[in-house]
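Have a look at the structure below before the remarks.
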Amino acid sequence: MGFEGAAGGMGGGVRALMRRKQVDSERARPAGSSNQLRKELSVAQLITIGVGSTIGAGVYVLVGTVAREHSGPALTLSFLIAGIAAALSAFCYAELASRCPSAGSAYHYSYICVGEGVAWLIGWALILEYTIGGSAVARGISPNLALFFGGADSLPWILARHEIPWLDVVVDPCAAFLVFLVTGLLCVGIKESSFVQGVVTVLNCFVMLFVIIAGSYIGFQTGWVGYKVAGGFFPFGANGMLAGSATVFFAYIGFDSVASTAEEVKNPQRDLPLGIATALSICCSLYMLVSVVIVGLVPYFAMDPDTPISSAFAKHGMHWAMYLVTTGAVLALCSTLMGSILPQPRILMAMARDGLLPSFFSDVHKTTQVPVKSTIVTGICAASLAFFMDVSQLAGMVSVGTLLAFTTVAVSILILRYVPPDEVPLPSSLQASFRRSHENDEEKLRDTLGYEDHEEGASEISDVVVESIKDPLIEKQLYASKLDETKRRKTAACSIASVCIGVLVLTTSASATFLPFICQCQPGAMLCLCFWWPAPPNWSGHALLD
């Protein structure tokens, strides 16, 4: 059945919620199965999906809002800290995606490591996140398009928003049309849709590079007046910089879209980690460079919170740059819209495969080899929401779903690393493979030490093993043999708890603004001690995929 811990008897319902899916249950399906996705994606396509899903129009607004209210000239450090925090989550996604390359992203990982109940909750949280996020992005395109026509009142009737008086509802036909357009493109095929998203992403990156280069030229001509303000580099202190990091963190959300395409990657073990890491590095670099330039052109307190980049160029006589920046914002919104709708059908398909949704959602088109039915249902729901509702009121729920998914993925990594391999829900085929691998390692160990007689060699290994301790394989086996299961788990639990307590103490002290600066910095030493704690033994989990 592909599951571990099936329910039965009294308390079966609870056990069913805790049962876990086998690691290779996706591989158990025949190669010609009707619900297999086509492997078409390479590293370059994964990078374009990751960058396109991450860099939205938010960067064109966040620069002004966060600089005015939180960070000031230290906005670049806020983006850097947020990027480091996002990288930790991205590495978790990269490891799980390469170990378990199947559709479903965080839903799939939590089903394998945690249980069915948590996976069901994560799956619907992700669907809610992508649906609301995509609808909000779609409704943000028409106001930006209005700038090309001279204002919201100048838009063509078919693209303009209209109010229905008797329902007190403002409909947005432009948003619904764009959602249907993206849905149709995704139904054509993953290769074609990723190519279009790549073109849009490259154009958006060129706009950001123009902002960086042209802004740097103006900055050197004017002397970077934004960095000469009276408040210094940290006008709001370290707390303001950290608050800005928490705000701009959501500008990095989008790399999980890459993990959702794991089943369609040609070489997932190599390409997925490389694609996620490269995409996040590109996004962080662009964010930091843009923030360095814009904060230097205009003092943070004089920035326009709605159009900081356009207004910064306008104050230096480059009014025409407003149209170029607006073009970049529209392209970024379109690319993010594609990145929001792309993962939803694959999550629905993964849940249908596991029996949590009707089999209707697991059907894959024979020609395009994409879940067309799930994609159409997703497009209809997102288009309806974008057409009728002001999704800004529901946007807060997106953050809750994102936090829940990131937390579950991090917990899944801990389970894979610190739970012994015999307790991970492996099928009998992989258990036999793991035992054979262990026996082969022991045989190689004896051959390495030069003993042909196994009985005699086994008695004399302990005498000469010290001389060969430099061999990493031998060292790992000897170290693992010295620790029993209880000690291994206790060591891991103590290390993880120490890090969590250290982070809690650090954040609490940083928030206590009434304390002297030295007192606020002292807990940082405690956090360093937590990281210097002896590293726990690591179940690398390599046997799961061998």
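Apply the Karplus parameterisation 6.51 cos²θ - 1.76 cosθ + 1.60, with θ equal to phi minus 60°, to every residue of segment 263-272 and state each ³J(HN,Hα) to the nearest whole Hz, in sequence, with x for glycine and proline.
Karplus values, whole Hz, x for Gly and Pro: 6, 9, 8, 5, 10, x, 4, 9, 6, 5.
Rank-order 288-301, 85-98 by packing density, defined as the average count of other C-beta atoms within 10 Å over each peptide's residues, highest first. Mind showing how you got there, number by number?
Numbers: 288-301: 22.6, 85-98: 21.1.
Answer by packing, highest mean first, reads 288-301, 85-98.
Please turn the phi angles of segment 127-140 into ³J(HN,Hα) values with the Karplus equation 6.51 cos²θ - 1.76 cosθ + 1.60 (θ = phi - 60°), one per residue in order, whole Hz, x for glycine and proline.
4, 4, 4, 5, 5, 5, x, x, 5, 5, 5, 4, 6, x
In terms of the Cα gyration tensor, with a ≥ b ≥ c the square roots of its eigenvalues, is segment 172-223 rounded because a/c is under 1.5, prolate because a/b exceeds b/c, or oblate?
oblate
Can you give me the Cα centroid spacing of segment 85-135 and segment 242-320 in angstrom?
The distance from the Cα centre of segment 85-135 to that of segment 242-320 comes to 22 Å.
To the nearest 10 Å², what's residue 161's accessible area with a 1.4 Å probe?
100 Å²
Quick one: which residues, 5 or more positions from residue 161 or on another chain, have an amide H under 5 Å from its amide H? H modelled 1.01 Å from N in the peptide plane, none for Pro or chain starts.
Long-range HN contacts for residue 161: none found.
If DNA, RNA and ligands are ignored and the probe is 1.4 Å, what is the ranking of 320, 157, 120, 224 by accessible area, most exposed first?
Ranked from most to least accessible, the order is 157, 320, 120, 224.
Taking the Cα of residue 225, stepping 7 Å toward and past its beta carbon, and measuring to each backbone N in segment 283-326: which are under 15 Å?
294-304, 311-318
For segment 219-366, with only Lys/Arg (+1) and Asp/Glu (-1) charged at the beta-carbon, what is the dipole magnitude about the Cα centre, in debye rounded to 20?
240 debye
Give the relative contact order (percent, whole number) for segment 92-159; include only Cα pairs under 8 Å separated by 6+ residues.
Computed value for segment 92-159: 16 percent relative contact order.
When only C-alpha pairs under 8 Å and at least 6 residues apart count, what is the relative contact order of segment 102-220, in percent?
On the way: 66 pairs, mean separation 15.5, N = 119.
This gives 13 percent for segment 102-220.
What relative contact order, as a whole-number percentage, does segment 252-323 give when Cα pairs under 8 Å and 6 or more residues apart are counted?
Over segment 252-323, the number comes to 19 percent.
Just the number, please: carbon plus sulfur as a percent of the accessible area of segment 185-280, 1.4 Å probe, no ligands or DNA/RNA counted.
Whole-percent figure for carbon plus sulfur exposure: 73.
Any idea what the alpha-carbon Rg over 2.2 N^0.38 Å comes to for segment 96-223?
Here the answer is 1.49, to two decimals.
Give the long-range amide H neighbours of residue 169: residues separated by 5 or more places, or on another chain, with amide H under 5 Å away, using H modelled in the peptide plane at 1.01 Å from N.
Excluding prolines and chain starts, which carry no amide H, the hits are 164.
Could you give the accessible area per residue of segment 185-224, probe 1.4 Å, as a whole number in Å²? Provide the component values of the computation, followed by the final result.
Details: 1910 Å² over 40 residues.
Computed with neighbouring chains in place, this is 48 Å² per residue.
When the Karplus curve 6.51 cos²θ - 1.76 cosθ + 1.60 is applied with θ = phi - 60°, which whole-Hz ³J(HN,Hα) does each residue of segment 160-172 get, with x for Gly and Pro?
So the J values, rounded to whole Hz, are 7, 7, 10, 9, 8, x, 6, 10, 6, 10, 9, 8, 10.
Give me, ordered by chain and number, the residues 5 or more places off residue 20 or on other chains with an amide H under 5 Å from its own placed amide H.
Residues meeting the criterion, in which the H sits 1.01 Å from N, are 4.
The values are calculated or read from the model by the stated rules, or taken from the named source; none is laboratory data. Note that this is a predicted model, so its numbers are computed, not measured. Positions of Cβ are generated from backbone atoms using ideal geometry, with glycine treated the same way; all protein chains shown enter the neighbour counts. Side chains are part of the model used for accessible areas, which takes the heavy atoms of the whole protein and leaves out ligands, DNA and RNA. Shrake-Rupley method; radii C 1.70, N 1.55, O 1.52, S 1.80 Å.
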